[in-house]
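*Asks:* One structure, pasted below without further comment.
The values are calculated or read from the model by the stated rules, or taken from the named source; none is laboratory data. In this text the structure is predicted, and so the values were computed from the model without any measurement. Positions of Cβ are backbone-derived with ideal geometry, glycine not excepted, and every protein chain shown enters the neighbour counts.
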C-alpha cells in the first residue's frame, strides 16, 4: 500500500485487533501523520461490529475540535464501507506503558508532572463536553523518546473512540474500556461522567508510582470484584520515597464512592501542583516543573484572561530562573529584546542608583523596550532585592505565539500601563 487517500505511506507503525496504524506524509500540510486504518471485517463483526462503528464515528467526529497541547489532534477522517481511516498527529515517543514496570519507573517528580498535564488536558476535554472513558498508559503518548534521566519529553492523550459526548443523543456503549483501569461505576455500567476519568487517571498514577496495578487478578471477573469491593494498598507499600501526600492523592482519585472522589479536575490538579509548591518534589532549584510554572502563572493577575491552552503555550516558550539578592536583571542603557515577570520575591527599579519603584511578585518589567518600535534601549536598572524567581520571554518568542495568546499579552500590557499612569497621576497630585 503506497497511498491512503491523499496521504503517502512511509511505514507501518503497529497493528491491533481492529486496525493498523501507518506513518504517513501529508503533502499539502507538509507534515508527518499517523493513519489508523480500520479493518473492514471488524466493522462487519456480528457481535461487536456496531460498537466498533460507533467508536469510529465517535473519534472521527472530533476532527479539528480538541485543540490542546496535551491531546493528540485529529486532522481528517473517512468512514466508508470500503475504507475507513482516521488521520492524526504523529507522536513518535511511544506510550507510558514502557514506564509501568518496577525496573523502569520514572522519577517521582516527573511522573507527577505527567499526571498533572493529563488532568489539565482531560479538564479541557470535559469542558468541551467529552469524557474519555478509556484512560490507560497505552493511550498516553510521549512526544519523544524518554529515558529515566530525561525530563524533556511532553505527553499527549490519544484514542477518544470510547468517549462520551454530552449534548448528543448517544447510547452508552457497554464493554468499552480496559477492566484494570475502569471505575466502579464503569464496571457496574452506571451513568458516567468526568469522575470515571478521574478514577482511571488515579490508577495510571498508582501504576507509574510503583510499577504495579492496584488490583492483581487472573481474570476480569476477579478484577471487577476487587474494583468494587477491595481497598488497594498505598503505592508507598511497594516503592520507597513516595511522600504521604501522593498516597493521599491516589487514594482520593480512586475512591469507590464518587462523593468521596475528587469532584472535579481542578481539585485533582491543585493537589498535584501543591506537591511541588510545598517543596515535597523537586529536581533542582533551577529545574522548574511545568506544573509549577502553570500553577504560578494561573495565579498571576496578568494572566487571568488567558485560557489554559494559552498558559501552556507561555510555559513552553518562556525561560525560568532563580536569582540571588543584588543580581542585576536589566541594565540601564543596554538594548533589550526580552521582558520579565517577577514570579516570587522583590526587586527595585533604579536610575543612577536612585530607586524609582519597588516591584513585587506578579509584576512585569522591561516590556516598554520591546513594545517601542524604534528604541529598544533599557531606561533603568532592575535589581533583585531578595531571592527571586524570574520568568523571561523573548520578543521573538512572543512574535511566534498564537494570535490569541499575543492579543491577551497586549491587552494585559495596556492594563499595566493604564495602572502605572493612574498611580503616577496620584503621586503627582500629592506633591
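*Asks:* What are the residues in the stretch 12-29 that are assigned to a strand (DSSP E or B) and either within 25 Å of the chain's Cα centre (by Cα) or free of Cβ contacts under 8 Å to residues at least 40 places away in the same chain (or both), if any?
*Replies:* 12, 13, 14, 15, 19, 20, 21, 22, 23, 25
*Asks:* Related question: Out of the residues in the stretch 287-310 that are outside any loop (DSSP other than H, G, I, E, B) and within 15 Å of residue 113 (Cβ to Cβ), which is farthest from the chain's Cα centre (by Cα)?
*Replies:* This residue is 287.
*Asks:* A follow-up question, please. From the list 163, 190, 217, exactly one residue is modelled with pLDDT under 95 and buried (at least 18 other Cβ atoms within 10 Å of the Cβ). Which is it?
*Replies:* When all the criteria are applied, what remains is 163.
*Asks:* If you scan the stretch 60-109, which residues turn out to be exposed (fewer than 15 other Cβ atoms within 10 Å of the Cβ), over 22 Å from the mean Cα position of the chain (by Cα) and free of Cβ contacts under 8 Å to residues at least 24 places away in the same chain?
*Replies:* Within the stretch 60-109, 80 is the sole residue that qualifies.
*Asks:* Residue 282 is checked against (1) surrounded by fewer than 19 Cβ atoms within 10 Å (Cβ to Cβ); (2) modelled with pLDDT of 95 or more; (3) not in a helix (DSSP H, G or I) and fails just one. What number does that condition carry?
*Replies:* (2)
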